[in-house]
Amino acid sequence: MAKICVIGTGYVGLVTGTCFADMGNDVTCVDIVEEKIARLKRGEVPIYEPGLAEMIARNVRAGRLHFTTSYREGLAGSEFIFIAVNTPTGSTQGSADMRYVEMAARMIAEELDHYAIIINKSTVPVGSGDVVTRIIRTHLARPDVSFAVVSNPEFLREGAAIQDFLNPDRIVLGSSDMEAAHRVAALYLPLRAPIIMTDIYTAEMIKYASNA
C-alpha cells in the first residue's frame, strides 16, 4: 500500500485519487476550495461520473480516502504527490494557463519535508516538468529535501473516466529520473496495462499530440 496525495479535486484529480484508493492505497485529496472539500466530506460529489459516488463512499468508509484543504496534512508521509489541478485555456490560442500548476508546485515546496515523487497529471504543455522542478527547488522550505518529477499524462473521457483509469490501453510515464518513474509504474502494475517509459518531454508531447 502506497501513501498518495492528489492535489486538486476536479475531474482528473477526484477520479485519480478515488481509483488509487480503490486499488488499496491510502489517498488524501487536497483542494484549497473549502466548499468543495466540505461537500466531499458530506458525501456530495461535485462532478457527475457513473459509479464515482459509490466508489468514493466505499473508500471513505474503508479509511483509504481522505479530503482536506491542508497541504501539510495531505503531504504528510506521502510518497507520491500527483498534481491534478485545472489548466484552463490561456490568453493565447492553444496555450494552457499554468497558474494553478505553478501555485500547487509552490505550496508543495513550502510544506515538503521528506523525499517524494511529484507527478504531473494535469494537462500541461511541453516543458512543464522543468517549470515544476524549478519552482519547487526555488521555494523549498527545506533545501536539504530531495524530490523527483515525473510526467504521467491522463487520457480520461468524461462519462467513462473510471473505466478508462482502471482499463487503460497504455500508461505513459516520463522523467529524467528512471528510478522514480519505475516507482510510479509500480503503482499501476495491478492494472496490467502496457507502460511506456520515456523522457519527460516525450511524455508531455504524447499528451499534446493526443489532444491535437
The alpha-carbon center of segment 1-39 and that of segment 133-172 are separated, in whole Å, by 13 Å
Footprinting proxy, Ser128, Ser176, Ser151: sorted fewest to most Cβ within 10 Å, the residues are Ser176, Ser128, Ser151
Ordered by fewest other Cβ atoms within 10 Å, a rough proxy for footprinting exposure, Glu204, Glu154, Glu73 read Glu73, Glu154, Glu204
Proxy exposure order for Thr87, Thr68 (fewest C-beta within 10 Å first) is Thr68, Thr87
The percentage of Cα-Cα pairs in segment 1-134 separated by more than 18 Å is 51 percent
For segment 136-209, one quarter of the surface area of the C-alpha convex hull, expressed in nm², comes to 6.2 nm²
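Every number in this text was worked out from the coordinates using simple rules, so none of it is lab data. Treat the numbers as computed from the prediction; the structure is a model and nothing was measured. All Cβ positions, even for glycine, are placed from backbone atoms using ideal geometry, and neighbour counts span all protein chains on display.
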